[in-house]
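Working notes, beginning with the structure itself.
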Amino acid sequence: MRLITSAMFASKFRGSMLGALAGDCCGAPYEGHDVCVGGERIILKKYFDKLEGPYFKAPKKAYTDDTAMSMCLAKVLIRHGRIDDKELAVEFVKEYFTDPRRGYGGAVIQVFNKLRKSKFADPLQPAREQFNGSGSFGNGGAMRVAPVALFGHKKTSDEIIEMAKQSALITHYHKQGIDGTVLQALAVHAALLMDPEQQLNTKDFISNLIEKMKAIEVDEEGLGLDDAQPFTKQLEAVARFLSMNTEPSDDDVLNVLGNDVSALYSVPTSIYCFLKAQKTIKGIDSDNPFRRAVEYAISLGGDADTIASMAGAISGAFYGENVISTNLVKHLEFHEEVTLLANELHEASLKTNVGRKSAPVE
Ligand code: R7I
Ligand code: MG
Ligand code: MG
């Protein structure tokens, strides 16, 4: 394998953050839709063809909370060289109250209100109180975590796990909300460290994630029940689907992997979209593996912006920015700011000792 140079990492940072933006912006109009069948797939293909075709002046594709919160994380990492609970809480709250109409999750707004009201006295407390004390199992931690994995590119998986957890806890206290965040961060981190010119071994990619999630989802009771290791089970299903000779039906994918706002039924789905898109996909007519991942994710409907955004973040981290059509990028609201932040995040990641608890606070 070639050494990944600093210039390649910079391109992968931009690829991941623009990939996430593309999934969010292009998927948002499809959020809550049913899975695309027959003619709807053709309409989706035309939608992408148009965005990737010769530039036309049109309203920009608007980003949603997925991008808004990712950018908050990127800014805190750039500014502080680590995740500071209070700084991150302040950044989220400032962002939300400046621009609230970005399609935020139904319950997370309570966290923002409580944080503001309490003057951030304990930045983790409001998240602990969600859903009568069980915390949110939504995918909001996972959808925004890519900058953490990028920033920690020189770190070990254990350090990525710690940083991802910390980034989730401001809003998501439920174990599944946290573990989904960790899984998405590990997927982006793994893709980031790979050489895109080497054929990706999808079997190894998923096996590595399964091993890591097994260690996180320790079956403390020792009863061997499925609910002790829910993400491990979902990833094993991803591996099964990928190894089939014929593609599983959309119904099978949706029934098993899911497409909703819970972390458990969306993060493994996004990883599946990325890995499946290494090859051609029935009904998705494109030579470009990034577009296949994002278009396929959107075609599944449900939480389309978020699943496409997470798949886009992994795919962009693997291939780098050149895999994303420049015409498409021009249609994405905020693409210049995201590019700038990706560059700054890369520069900051070279300077600091991020993630370590002992890292100096600036
Ligand atoms: O997780 P979160 O930030 O939402 C992210 C999603 C993405 O799809 C975004 O694009 C945006 O559309 O929202 O926000 P939360 O409000 O914490 O969780 C999202 C939803 O998950 C909640 O509104 C609930 O419907 C559901 N949910 C739960 N339902 C019952 N019990 C999350 N946790 C629970 C729970 O414990
Ligand atoms: Mg959204
Ligand atoms: Mg969503």
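The values are calculated or read from the model by the stated rules, or taken from the named source; none is laboratory data. Predicted model, so just to flag it, every value in this text is computed and none were measured. Don't worry about glycine lacking a Cβ; one is built from the backbone with ideal geometry, like all the others, and counts go over all protein chains shown.
Data for the structure
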quantity: Test set (1) touching a Phe, Trp or Tyr at 6+ places or on another chain (Cβ under 9 Å); (2) more than 16 Å from ligand 1 (Cβ to nearest atom) - S136 fails condition number; calculated: (2)
quantity: Residues of the stretch 88-130 satisfying the condition of being more than 10 Å from ligand 1 (Cβ to nearest atom), more than 15 Å from L73 (Cβ to Cβ) and in a loop (DSSP other than H, G, I, E, B); calculated: D99, P100, R101, S118, K119, F120, A121, D122, L124
quantity: Residues (of a type outside the set (A, V, I, L, M, F, W, C), assigned to a loop (DSSP other than H, G, I, E, B) and surrounded by fewer than 19 Cβ atoms within 10 Å (Cβ to Cβ)) located in the stretch 151-203; calculated: K154, T156, D195, E197, Q198, Q199, N201
quantity: Residue in the stretch 61-84 that is more than 16 Å from ligand 2 (Cβ to nearest atom), under 18 Å from T306 (Cα atoms) and surrounded by 14 or more Cβ atoms within 10 Å (Cβ to Cβ) present; calculated: yes
quantity: Of all residues making up the stretch 114-165, the number that are in contact with an Asp or Glu (Cβ under 8 Å, 6 or more places away or on another chain) and not basic (K, R); calculated: 6
quantity: Test for P54: is it away from ligand 2 (no atom under 16 Å from the Cβ), surrounded by fewer than 16 Cβ atoms within 10 Å (Cβ to Cβ), modelled with pLDDT under 95 and closer than 15 Å to H335 by Cα; calculated: no
quantity: Test result for V148, under 19 Å from L209 (Cα atoms), of a type outside the set (G, A, S) and surrounded by 23 or more Cβ atoms within 10 Å (Cβ to Cβ); calculated: yes
quantity: Long-range neighbours under 6 Å by Cβ, at least six apart or interchain, first residue closer than 16 Å to Y173 by Cβ and aromatic (F, W, Y) within the stretch 87-116, second within 16 Å of ligand 2 (Cβ to nearest atom) and assigned to a helix (DSSP H, G or I); calculated: F92/C72; F112/Y96
